[in-house]
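Q: Structure below; questions to follow.
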Amino acid sequence: MDIVFGFFVFVAVFFVAAAILTVLAKRQIDFHLLGASVDDAFEVLDSSGALRGGWKTSGGDGAINIRPGFFLGGRDGRPVVSINLEPDHAGTHVQVWMSAWVSRFGMIEPFQSIIVMLRRNKIVKALNAVCEPSIT
């Protein structure tokens, strides 16, 4: 009886953790790079390695779209991280979000959520090197 109860507790904790990670992975990050041009941002992303490291270019909704190229089943099942860089009056407006994913039971697999969040943070840190960001 204790094994069955333990199994159900594990399943419940797993689904709660997966739901929380799904919400965190789907968040879109918007910020401005003050005084930086779009070309500067592209150059920093390219030279920093934030777009490489096992990630491949892909189709998607953004100006730059990448998806993991390792460990994750079929090509269509991998999440896509999209980056949009648009010039504005103060510099460059940046948007980073997960534009495509496969959900099971309404959630993304926890491993995929974690790698998307880690890559998104790496992209934001690389762009922060251009100048001080202004969060909108």
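Readers should treat all values here as calculations from the given coordinates under stated rules, not as data from a laboratory. Because the structure is predicted, anything quoted here is derived from the model rather than measured. Note that each Cβ is placed from the backbone with ideal geometry, even for glycine, and that neighbours are counted across all protein chains shown.
Q: Could you please find all residues in segment 78-110 being among the hydrophobic types (A, V, I, L, M, F, W, C) and within 15 Å of G54 (Cα to Cα)?
A: Listed by number, the residues that qualify are V80, V81.
Q: Take residues that are among the hydrophobic types (A, V, I, L, M, F, W, C) and closer than 16 Å to V130 by Cα and tell me which of the strands (runs of 3 or more DSSP E) falling wholly in segment 1-118 contain 3 or more.
A: Fully inside segment 1-118 and qualifying: 29-34.
Q: Search segment 37-48 for residues that are touching a residue at least 40 places away in the same chain (Cβ under 8 Å) and pair each with any residue that is surrounded by fewer than 16 Cβ atoms within 10 Å (Cβ to Cβ) and hydrophobic (A, V, I, L, M, F, W, C) when their beta-carbon atoms are under 8 Å apart and the residues are at least 6 apart or on different chains.
A: Filtered contacts from segment 37-48: V44/A129; S48/A129.
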